[in-house]
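Heads up, the thing below is written out as structure tokens.
The values are calculated or read from the model by the stated rules, or taken from the named source; none is laboratory data. Just so it is clear, the model here is predicted, and its values are computed rather than measured. Glycine gets a Cβ as well: all are built from the backbone with ideal geometry, and neighbour counts include every protein chain shown.
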Amino acid sequence: MFVILDTNHLRELVSDESATGLRLRQRIAEHQAEVFTSIIVVEESLRGWMALLNKQQHGLDQVETYTRMQAALETSVRLGVLPFDTDAAMIFTRLRSVFRRSGTMDLKIASIALAHEAMLLTRNLEDFRLIPELQVANWLD
């Protein structure tokens, strides 16, 4: 089984102390899933980390945030980061014409999953289920 993690699933996978993250790791093992993330998820993650860092005092207050940010980046690289390539961009253009109210980042993530015929693991089932060809599941709850 080939799966792609949305931002919320990646966040939990990185968290060593999270019972939800432990449950996700167990489900990955049960399904013997090949797990990847996407460059769009990496972008969303980095934007979140940068926003958090910008709110903190420079120096010691940022150590924990940088440590967690580095763990997220290292996990992403270890899993493999799927690109937003020409195939995904073409799918995105088609989806954007049909799902005008959907978020751009969500449609890009969906496009990458569709381009790779992968299941998308997300908590955001309500929005992603609108895309008929997309396989989605929530392995956190």
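Which residue, of 136, 81, is closer than 23 Å to residue 50 by Cα and either surrounded by fewer than 21 Cβ atoms within 10 Å (Cβ to Cβ) or in contact with a strand residue (DSSP E or B) (Cβ under 9 Å, 6 or more places away or on another chain) (or both)?
Details: 136 fails: closer than 23 Å to residue 50 by Cα.
Answer to the check: 81.
Say whether the condition of being β-branched (Val, Ile, Thr), surrounded by 16 or more Cβ atoms within 10 Å (Cβ to Cβ) and modelled with pLDDT under 95 is met by at least one residue in the stretch 14-24. Yes, the stretch 14-24 contains a residue that is β-branched (Val, Ile, Thr), surrounded by 16 or more Cβ atoms within 10 Å (Cβ to Cβ) and modelled with pLDDT under 95.
Of everything in the stretch 86-111 that is buried (at least 16 other Cβ atoms within 10 Å of the Cβ) and not hydrophobic (A, V, I, L, M, F, W, C), the residue that is farthest from residue 40 (Cα to Cα) is 102.
Exactly one residue out of 82, 22, 10 is closer than 25 Å to residue 138 by Cβ and touching a His at 6+ places or on another chain (Cβ under 7 Å): that is 82.
Suppose the filter is modelled with pLDDT under 95, of a type in the set (A, V, I, L, M, F, W, C) and farther than 23 Å from residue 118 by Cβ; does residue 53 pass it?
Criteria met by residue 53.
Can you find a residue that is outside any loop (DSSP other than H, G, I, E, B), out of contact with any strand residue (DSSP E or B) (no Cβ under 8 Å at 6 or more places or on another chain) and either under 24 Å from residue 31 (Cβ atoms) or among the aromatic types (Phe, Trp, Tyr) (or both) anywhere in the stretch 53-65? No, the stretch 53-65 contains no residue that is outside any loop (DSSP other than H, G, I, E, B), out of contact with any strand residue (DSSP E or B) (no Cβ under 8 Å at 6 or more places or on another chain) and either under 24 Å from residue 31 (Cβ atoms) or among the aromatic types (Phe, Trp, Tyr) (or both).
Condition check ((1) at pLDDT 95 or above; (2) surrounded by fewer than 18 Cβ atoms within 10 Å (Cβ to Cβ)) across all residues:
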| residue | (1), (2) |
| --- | --- |
| 39 | yes, yes |
| 47 | yes, yes |
| 113 | yes, no |
| 124 | no, yes |
